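Structure, as structure tokens:
The values are calculated or read from the model by the stated rules, or taken from the named source; none is laboratory data. Small disclaimer: the values here were computed from a predicted structure and weren't measured. Here the Cβ positions follow ideal geometry from the backbone for every residue, glycine too, while neighbour counts run over all protein chains shown. The protein model used for the area step is the full one, side chains on, heavy atoms only, and it has no ligands, DNA or RNA in it. Shrake-Rupley method; radii C 1.70, N 1.55, O 1.52, S 1.80 Å.
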Amino acid sequence: MSSGAADLRQRKKQNCSESDKMAPEQRNKENSKLGRSPKYMLIQRFAKLFFGCLAAVTSGMMYAVYLSTYHERKFWFSSRQELEREITFQGDSAVYYSFYKELLKAPSFERGVYELTHNNKTVSLKTINAVQQMTLYPELIASVLYQASGSEEVIEPVYFYIGIVFGLQGIYVTALFVTSWVMSGTWLAGMLTVAWFIINRTDTTRIDYSIPSRENWALPYFACQVAALTGYLKKNLNCSAEKFCYLLVNASTYTFMMMWEYSHYLLFVQAISLFLLDSFALAQTEKVHEVYKIYLFSLFLGYLLQFENSTLLVSPLLSFVAALMLSKCLQMNMKKGTFMSRLLKIMYIYLVLTVAVTLNFLLKMFVPHKENEHLLKFIEVKLGLNTTKNFTMNWLLCQESLQAPSQDFFLRLTQSSLLPFYILVLIICLFSITQVIFRRICGEPLKETVKLEDGRIGERPEIVYHVIHTILLGCLAMCLEGMKYLWTPYVCMLAAFGVCSPELWMTLFKWLRLKAVHPILLALILSMAVPTIIGFSLWKEFFPRIMTELTELQEFYDPDTVELMTWIKRQAPVAAVFAGSPQLMGVIKLCTGWMVSSLPLYNDDDLLKRNENIYQIYSKRSAEDIYKILTSYKANFLVIEDSICNEVGPVRGCRVKDLLDIANGHVVCEEDDNYAYSKYGRFCHEIKMNYSPYVNYFTRVYWNRSYFVYRINTVISFQS
């Protein structure tokens, strides 16, 4: 094992020019044995690369066109007025797009950026750095491109904005295509990856529900990073290809970190995958540590360009990578092959984890930070380590994306044949990786070049990385349904790679010891036949459904919200401040530009507290209490939503009013029975009765079927 490990470490240190010279000589010898000229092989390789790239780019473009067409059919975007279009952006999406509008309206880009970094026109009594707090770099880039390209006279801002997002989704699909292609050696795997991705679109992307969300901007860059990392980890990669992959990993990692405030958590999961890969000596240590340096460089740049964002300093990624770098010398001395070194290997893993936890604890002690403490509390409650009556915690626990995945999720993956093939590929790869690890423990070195007839797919470092990565993401997806959008795309990729890879079938046949049929020939046949059969079955079953989606005209129209926004723009004073549910406040901010008292953002403790306080309008509190809460935020108008006030939720105890009653102590739960007690009625019901004391504090100025708007009186009139 010691000689094998030493050889593994020396591969990276070989001169690139020497390896580049040796590769053509080896290929020429193989070609001469097969009776093929180097010119013939060059043309064949170029044709394969050309048609593969053409298929990858075409797949991405077709997916982007598909999304655009589906969006038009769903919302009738081209036939809507601007206000009706903007209403389709809900919740946090409305907030992000509103800042894009503000940037375009600013007299100059510099002035627009300044107003966003010193924003006091969005949330009452609060000046925020919106660029840092809401990660508005996508909007900054989109506004620059829109103005610099001279698109003002060609295309409307909203079409330009969603066009960029749809284009990024096309890049996302192309990156998955390339990753599967690089792993399997055939672009047939890329085609199957794209097919599974689109068919399972409900579980692979949130683009249908929330176009401006940060993950829709960020995950395409992460997919590019994974594709580049896959190529970078491959053995016997020529110097120029390795440098290209390294630079692409650098650029995509940094861009990904700038696009999403939670990106460092996903990179932390990736770092764990690389750590396990390196710990079992299945990859070149130097390459893995180069990726660690990329993490550190990206964190450093992110810290500087995100206005000294201290959250990055206390992130688990920084602590973990720093611990790994500190232990690098120790790790190099561990791979000696003796029993003591194998014992110390376990101690090394323990040491890295201990140092990482200690560093993270010390950083949090000495670095002032505003890391989301509610996330840690949420994890405690989610794991059953604690209980709480806190409204925000219980509201988060009730969100569908933070629940365990439903049976329908697994049923959909099974119906598309994705889950069965993923499990098959995963089992074969895991058994092969286990065999390789056992051989390494016994002192057997890794092969420099793994051939098809060897049947050792577990010796390929890029395969091992993806197996570990999908397992870790899968564990998260089994706990939180929202994590399926990170896991399922790579399930599509790994399953498609497996069924299209002759090496995987050869690995299986090596175990079965086939003698009746030549295993190599059978592996090559199955690697073509199985994906072809899968493709035809998917085409027959799902293609008509996809075409129906594109041809069927849907209708999204919310006249009550349109009427509310129209009334606000025409009747409300320009300096007015509106209070209501955070989701509605985001839409009001986008459609009218008026100041609001809260926003649907959950990465700021102060905003979370505001949301909880303003949600009290649906609780059993007195008119005086509600009046004091609203006036403390300088609110002038209150908007009551009938859908929340009269909500009939499918999950018992998860309605907003139920959670408020629990938090306020107005409900006592004993043996599955709820006992409610409060000397006040529910505020949102009582205020509609127009009797004292409610009319003393609030005056109804507008209403329709869904919304009731009340002016908050500045002079209280105590009338009977």
Could you sort W539, W260, W196 by accessible area so the largest value comes first, with the probe set to 1.4 Å?
-> W539, W260, W196
Spin-label pair I423/D208, simplified geometry with 7 Å Cα→Cβ offset, distance in nm | 2.5
With every protein chain left in place, what is the accessible area of Y627 in Å² (1.4 Å probe, nearest 10)?
-> 30
Can you tell me the 0 to 90 degree angle between the C-alpha axis of helix 461-479 and the longest principal axis of the chain, rounded to 10?
-> 30
Ignoring ligands and nucleic acids, F410 exposes an accessible area, probe 1.4 Å, in Å² to the nearest 10, of 60
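In terms of the ratio Rg/(2.2 N^0.38 Å) built on C-alpha atoms, what value belongs to the chain?
On the way: Rg = 28.9 Å, N = 720, 2.2 N^0.38 = 26.8 Å.
My calculation over the Cα atoms of the chain gives 1.08.
For segment 165-551, what is Rg from Cα atoms divided by 2.2 N^0.38 Å, rounded to two decimals?
1.02
Averaged across orientations, what area in nm² does the convex hull of the alpha carbons in segment 559-712 project?
Working: hull surface 38.8 nm².
Directional mean of the projected Cα hull area for segment 559-712 stands at 9.7 nm².
Stretched out fully, how many nm does the piece from Q407 to F51 gain, at 0.36 nm a residue minus the Cα gap?
Details: separation 356, 0.36 × 356 = 128.16 nm, distance 3.95 nm.
Extending this stretch completely gives an extra 124.2 nm.
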Going from most exposed to least, what order do I349, I162 have by accessible area with a 1.4 Å probe?
-> I349, I162
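Out of the total accessible area of segment 26-161 (probe 1.4 Å, heavy atoms of protein only), what percent is carbon and sulfur?
Summing carbon and sulfur atoms, their accessible area is 60 percent of the total for segment 26-161.
Quick one: of the DSSP bridges fully inside segment 559-712, what percent are antiparallel, nearest 5?
DSSP beta bridges in segment 559-712 are roughly 80 percent antiparallel.
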Remind me, what semi-axes does segment 149-189 give for its equivalent ellipsoid, largest first in whole Å, using sqrt of 5 times each Cα gyration tensor eigenvalue?
-> 33, 8, 6
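Relative contact order for segment 203-261 using alpha-carbon pairs under 8 Å, separation at least 6, rounded to a whole percent? Each step should come with its number before you reach the end.
Working: 42 pairs, mean separation 27.4, N = 59.
Worked out over segment 203-261, it gives 46 percent.
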Net charge of neighbours whose Cβ lies under 13 Å from the Cβ of L584, counting Lys and Arg as +1 and Asp and Glu as -1 | -4
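Heavy atoms only, probe 1.4 Å: what % of the accessible area of segment 559-712 goes to carbon and sulfur, would you let me know? Provide the component values of the computation, followed by the final result.
On the way: 3280 of 6570 Å².
Whole-percent figure for carbon plus sulfur exposure: 50.
Which percent, nearest 5, of DSSP beta bridges in the chain are antiparallel?
Percent antiparallel among DSSP bridges in the chain is about 75.
Pairs of Cα atoms under 8 Å, at least six residues apart: use those to get the relative contact order of the chain, whole percent.
For the chain, the relative contact order is 17 percent.
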In the full protein assembly as shown, how much of I211 is accessible to a 1.4 Å probe, in Å² to the nearest 10?
-> 10
State in Å² the accessible area per residue of the chain; use a 1.4 Å probe, count heavy atoms of protein chains only, and round to the nearest integer.
-> 46
Given the C-alpha centroids of segment 404-443 and segment 169-187, what is the distance between them in whole angstrom?
-> 20
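With contacts defined as alpha carbon pairs under 8 Å and 6 or more residues apart, what's the relative contact order of segment 559-712 in percent?
Working: 208 pairs, mean separation 38.5, N = 154.
Relative contact order, segment 559-712: 25 percent.
To the nearest 0.05, how large is the calculated FRET efficiency for L514 and K328 if R₀ is 60 Å and r is the Cβ-Cβ distance? Numbers along the way, then the final one.
Details: r = 44 Å, r/R0 = 0.74.
Result of the calculation: an efficiency of 0.85.
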With each pseudo-label sitting 7 Å past Cα toward Cβ, what's the C479-I533 distance in nm, one decimal?
-> 3.9
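Just the number, please: carbon plus sulfur as a percent of the accessible area of segment 165-551, 1.4 Å probe, no ligands or DNA/RNA counted. Write out the running numbers ahead of the final one.
Details: 11470 of 16240 Å².
Accessible surface attributable to carbon and sulfur in segment 165-551 totals 71 percent.
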Modelled label reach - R711, point 7 Å along Cα→Cβ, segment 561-580 residues with backbone N closer than 17 Å = 567-579
Translational diffusion of segment 145-279, µm² s⁻¹ [Kirkwood Rh, Cα pairs; Stokes-Einstein; 25 °C; 0.890 mPa s] | 149
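Per DSSP H run of n ≥ 4, the term is -39500 (n - 2.57); total these for the chain, divide by its residue number, and report the mean residue ellipticity at 222 nm rounded to 500 deg cm²/dmol.
-21500 deg cm²/dmol, from helical runs alone.
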On Cα atoms only, tilt of 484-500 relative to the major axis of the chain in degrees = 20
Solvent exposure, largest accessible area first (probe 1.4 Å, DNA, RNA and ligands not counted), of I644, I533, I171 | I533, I171, I644
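To the nearest 0.05, how large is the calculated FRET efficiency for E563 and M689 if R₀ is 25 Å and r is the Cβ-Cβ distance?
Details: r = 23 Å, r/R0 = 0.93.
For E563 and M689, the calculated efficiency is 0.60.
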